[in-house]
Amino acid sequence: MDNPTASAGRSTAGPVHPVGSDGAALSGPDLARAALQAAREQSAARRRDAKKKGVGVRPRRRRGWSGPGPDDRDPQPLGRLAARIAKERGWTEHLSGGQVFAKWAALVGGDVAEHTKPVALKDGELTVQAQSTAWATQLRLLQRQILKRISDGVGRDVVRRIKVQGPAAPSWRHGPRHVPGRGPRDTYG
C-alpha cells in the first residue's frame with residue numbers, strides 16, 4: 001500500500017485511505033495530488049485500451065472565438081434581450097402601443113401635448129382627451145398629420161383612428177342609484 005495511486009484507484013467495500021511512502025495517511029494537498037494522479041492514470045489506461053481495440057478516439061475540438069460579429073455566447077445588452085423576448089411572446093403590438101403614450105410629446109409636438117393627453121388605445125383607435133373644446137376642435141383638424149407622425153415615430157398600423165374627447169364635465173350622479181332625466185335641480189336660488 002505504499003503507492004497512493006494504486007490504493008486510490010481500487011474499489012473496496014470500505015473507505016479507501018491512501019497512504020504515503022512513510023505509511024501515514026494522506027490529507028489535504030497530498031490527498032488531492034494522489035487523487036489527481038490516479039485519475040490521470042485511469043484516463044491514460046482507457047485511451048490505451050481504446051487504441052488496442054481499434055476504436056477511433058476523436059481529438060478534442062477546441063471551441064473557436066465568436067469573432068467580431070455578435071454571437072449568442074457574447075454578453076447581450078438588456079434592450080436586445082427584452083426585444084427578443086417581446087418578439088417571441090407576441091408582445092410587440094402592446095409595447096408599440098405603449099410607446100405612443102411614452103413618446104406623446106415628441107410625436108405630436110410640445111404645444112399640442114401640453115393641452116392634450118392620450119387616454120386609451122384599443123384596436124387601433126387612440127382616444128385623446130383635450131383640455132378645452134377649442135383644443136378638441138384643433139386636434140380634429142390636425143388628425144391626419146398626427147396619424148402620419150405617429151406611424152412614422154412608432155410604427156405603421158399601431159394607431160389607425162383618433163377619437164377626440166373634449167374636457168370632462170362634472171357628473172351630477174352621486175351614488176349607484178339615480179333617476180333618469182334631469183331630476184330636482186331647483187336649489188340654485
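Things worth noting here:
- Residue list for region 11-67, filter: modelled with pLDDT under 80, in contact with a helix residue (DSSP H, G or I) (Cβ under 9 Å, 6 or more places away or on another chain) and open to solvent by 100 Å² or more (accessible area, probe 1.4 Å): His17, Ser21
- Residue within region 76-90 that is more than 30 Å from Arg149 (Cβ to Cβ) and modelled with pLDDT under 85 present: yes
- From the list Ser96, Ser132, the one residue that fits, being of a type in the set (S, T, N, Q) and surrounded by fewer than 14 Cβ atoms within 10 Å (Cβ to Cβ), is Ser132.
- For Ala120: the one exception among (1) over 29 Å from the mean Cα position of the chain (by Cα); (2) at negative phi: (1)
The values are calculated or read from the model by the stated rules, or taken from the named source; none is laboratory data. All of these numbers come straight from a predicted model, not from anything done at the bench. Cβ: placed from backbone, ideal geometry, glycine included. Neighbour counts: every protein chain shown. The protein model used for the area step is the full one, side chains on, heavy atoms only, and it has no ligands, DNA or RNA in it. Shrake-Rupley method; radii C 1.70, N 1.55, O 1.52, S 1.80 Å.
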